[in-house]
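Here's the structure, in structure tokens; my notes come after.
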Amino acid sequence: MSNIELLKNAVPPLLGWYRNHKRDLPWRENRDPYRVWISEIMLQQTRVEAVKQYYLRFLKQFPTVRALADADISEVLKAWEGLGYYSRARNLHAAARIVAEQGFPETPEGVRALPGVGDYTAGAICSIAYDLPCPAVDGNVLRVLTRLFADESNIDDGRTKAAFAAALKEAYPPQAGDFCQALMELGAIVCVPNAAPLCEKCPWEKLCRAHLAGETEKYPVRAEKRARKVEELAVFVLEKEGRFALEQRGKSGLLAGLWQFPLAEAGALRPEAFGDTVATKRAKHIFTHIEWRMTGYLIRAREFFPAYVWADAEEIAASFALPSAFKAFFSWLGNS
């Protein structure tokens, strides 16, 4: 039996399973393209549980694409604070301005052309919002299909993703949106990553080649990960008269345009250059390819250094988007 034939046979049990076992998630309340789009962007590289409350708050603040388009980018970044990968928020804002003027695109090509939308996101939006047979192949789907097919192809190779997308397109049922979400759901709660799959709960238990061969642990096959680059940094939380020093990152690169406490390579600046050190703390933050190892210094600043913007804790909470990379030092804002 070919992979496509196997996949077509797997569609009915998967849809039946999804109807009975899908999670109650706020973005599944309706298929409005704006709501689907917001959820799919938020869910990129972010856990479902972490997204739920952000999604609800974001839609409350920006209930329509026009509201998002008319907002200042600083408001959008502040609403996104803590979700990470802030380029997603900037792209959302840029795309909202296009959609507010031209309407939400209804074709895969039109959706794919929006800032911040790749092949997977375009496929997810088009299948969920419009029931179009547009494959959305992410890590969950790759894992599920490599096990179903017992396919030893490297899932980090773009050719594997392309081959699976082609097979999916041949198998998509009329209920494309449900099928797309069912695949994601199966990978999220049954055919799970980093643990043994829950095969006894899987609608494909009698179809999955890897399970039938007793070899689910072999899949997926992927390239060896490159070691992350480690950066040693010093974080200076400067306080004077209840106000704290902030600086804005550059317009490109990691955390572009966001605010931070003064930051430097370890050893490049001495704490005593700013004032008296009150406390120190070690912390680390892991990005996809970089690990920050930080030493933080809470310092009573001797002056309001003009190179920085100074704001109190309430103003920072209301108006400045600080990345979660610095959350280990947030407590100092209320205990200075």
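Every condition in (1) open to solvent by less than 30 Å² (accessible area, probe 1.4 Å); (2) in contact with a strand residue (DSSP E or B) (Cβ under 7 Å, 6 or more places away or on another chain); (3) in a loop (DSSP other than H, G, I, E, B) is met by Glu152 except one, and the failing one is (1).
Restricting attention to the range 122-141, the residues that are under 30 Å from Glu217 (Cα atoms), of a type outside the set (Gly, Ala, Ser) and crowded, with 22+ Cβ neighbours inside 10 Å total 4.
Selection within the range 299-333: residues that are farther than 17 Å from Glu75 by Cα and of a type in the set (Ser, Thr, Tyr). The member of this set that is surrounded by the most Cβ atoms within 10 Å (Cβ to Cβ) is Tyr308. Of all residues in the range 93-119, those satisfying the criterion of being open to solvent by less than 50 Å² (accessible area, probe 1.4 Å) and under 22 Å from Leu183 (Cα atoms) are Pro108, Val111, Val117, Gly118. The condition of being small (Gly, Ala, Ser) and either touching a Ser or Thr at 6+ places or on another chain (Cβ under 8 Å) or over 20 Å from Ala89 (Cβ atoms) (or both) does not hold for Ala318.
To keep it simple, each residue is scored yes or no on (1) closer than 24 Å to Ile125 by Cβ; (2) open to solvent by 50 Å² or more (accessible area, probe 1.4 Å).
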position	(1), (2)
Thr146	no, no
Thr160	yes, no
Phe164	yes, no
Ala171	yes, no
Gly177	yes, no
Glu185	yes, no
Pro203	no, no
Leu212	no, yes
Glu217	no, yes
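Looking at the range 241-250, is at least one residue touching a Phe, Trp or Tyr at 6+ places or on another chain (Cβ under 8 Å), modelled with pLDDT under 95, charged (D, E, K, R) and more than 30 Å from Ala124 (Cα to Cα)? Checked against the condition, which is being touching a Phe, Trp or Tyr at 6+ places or on another chain (Cβ under 8 Å), modelled with pLDDT under 95, charged (D, E, K, R) and more than 30 Å from Ala124 (Cα to Cα), the range 241-250 yields at least one hit. Given the structure, is Gly103 in contact with a helix residue (DSSP H, G or I) (Cβ under 7 Å, 6 or more places away or on another chain) and at positive phi? No; evaluated as a whole, the condition is false for this residue. Residue pairs whose Cβ atoms lie under 9 Å apart, sitting 6 or more positions apart in sequence or on different chains, and linking a residue in the range 193-214 that is farther than 23 Å from Asn20 by Cα and in contact (Cβ under 8 Å) with a residue 60 or more places away in the chain to a partner that is in a loop (DSSP other than H, G, I, E, B) and open to solvent by 60 Å² or more (accessible area, probe 1.4 Å), are Arg209/Glu215.
The values are calculated or read from the model by the stated rules, or taken from the named source; none is laboratory data. Please read these numbers as outputs of a predicted model, since none were measured by experiment. Every residue, glycine as well, gets a Cβ built from its backbone with ideal geometry; the counts of neighbours run over all protein chains shown. The accessibility values were calculated without ligands, DNA or RNA, using every heavy atom of the protein model including side chains. Shrake-Rupley method; radii C 1.70, N 1.55, O 1.52, S 1.80 Å.
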